[in-house]
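One structure below.
The values are calculated or read from the model by the stated rules, or taken from the named source; none is laboratory data. From a predicted model like this one, the values you see are computed outputs, not experimental measurements. Note that each Cβ is placed from the backbone with ideal geometry, even for glycine, and that neighbours are counted across all protein chains shown.
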Amino acid sequence: MTDGKKTGLALIGIGPGKVSSMTLEAVELARHADVRLYEAYTALWSEESLKELEQEIGSIQRIMRPTIEQPEDLLEMAKNQFIAVLVVGDPMQATTHIDLQLRAENAGISVHIVHGISITTLVPGATGVSNYKFGRSTTLTYPYGEWIATSPLEVMLQNYSHRLHTLVLFDLDPSGAGTGDQQPMQASDAAESIAKMVTKYKHVELTEEQREMIENIDLLEVVLCSDLGTDDQRLQTTTIGNLGSKSSGRLNCMVLLANLSEIEREAVNRWK
């Protein structure tokens, strides 16, 4: 508080993509902020939904990665005003937001966290795949020039070898800079990225099981998830080999399936 005026920072989860999925606390706190900043690089709402949100809580300014990762100006503002940072999903799922929280607290700035519905909780419930059987999540990145990250494939291989499903998030930013011009990865982009990773990964030392998985990767099943938690939600069970032929939505991810139980099989067959 400064002279009786509320100051500080609020990291507010706004959920997957519509106002009605936000908590009452999230709406109320954002409405009373002096400044509302929409963090638009880790995930995106549709422009239509953002306009609806502005009607509920007031004007919103869009910020990108540098504002969060070099937050000196943001923290200075929070010393004299109440600043709401609006984050798609849950605000504490990204390391950059945890870092922002810690830096604010170290500067003596109060931080209020409001959790929101996250893709990590939506995916198991939407697909019907058990949340107890997921391994480490990964993000499928765009190739940058001649460079392609193989770490997503490594995570998928490791989880699969342990009979665990993998949540594979799709990249938003072909540049990798987090400064704008987002182009959410589509299913065709994801298929191309996986193919390039496989080509590169064939040249490294693999176990026999990993080699077999690489050789048969086109046959592995996935559930393609588009716009989960919105009115446009769509799920499609397919294979990695057929992934590139599938139409997708504004924001996409997939689950690489492993060791399905009988009830999981029945659940994912609904999306074929």
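Residues that are under 22 Å from the mean Cα position of the chain (by Cα), of a type in the set (Ser, Thr, Tyr) and modelled with pLDDT of 95 or more occur in the stretch 212-230; there is at least one. For the stretch 56-109, filtering for residues that are surrounded by fewer than 16 Cβ atoms within 10 Å (Cβ to Cβ) and more than 18 Å from ASP173 (Cα to Cα) leaves 17.
Would you mind stating whether SER188 is more than 21 Å from the chain's Cα centre (by Cα) and outside the structural domain of GLY15 (by TED's automatic domain parsing)?
The answer is no for SER188.
Looking at ASN242, ASN216, which one is surrounded by 13 or more Cβ atoms within 10 Å (Cβ to Cβ), in the same structural domain as THR138 (by TED's automatic domain parsing) and of a type outside the set (Val, Ile, Thr)?
The match here is ASN242.
From the list TYR142, TYR201, TYR160, the lone residue that is touching a Leu at 6+ places or on another chain (Cβ under 6 Å), among the aromatic types (Phe, Trp, Tyr), crowded, with 17+ Cβ neighbours inside 10 Å and in the same structural domain as SER247 (by TED's automatic domain parsing) is TYR201. If only residues of the stretch 178-194 that are at negative phi and exposed (fewer than 14 other Cβ atoms within 10 Å of the Cβ) are counted, the one that is modelled with the lowest pLDDT is THR179. Every condition in (1) touching a residue at least 60 places away in the same chain (Cβ under 8 Å); (2) part of a loop (DSSP other than H, G, I, E, B) holds for TRP45 except the one numbered (1).
Every condition in (1) over 17 Å from the mean Cα position of the chain (by Cα); (2) outside the structural domain of LEU75 (by TED's automatic domain parsing); (3) not in a loop (DSSP other than H, G, I, E, B) is met by VAL129 except one, and the failing one is (3). Restricting the first member to the stretch 110-121 and to residues that are more than 8 Å from GLY89 (Cβ to Cβ), and the second to residues that are assigned to a strand (DSSP E or B), the beta-carbon pairs closer than 6 Å and six or more apart or on different chains are SER110/GLY8; VAL111/LEU9; HIS112/ALA10; ILE113/LEU11; VAL114/ILE12; VAL114/GLY13; HIS115/GLY13.
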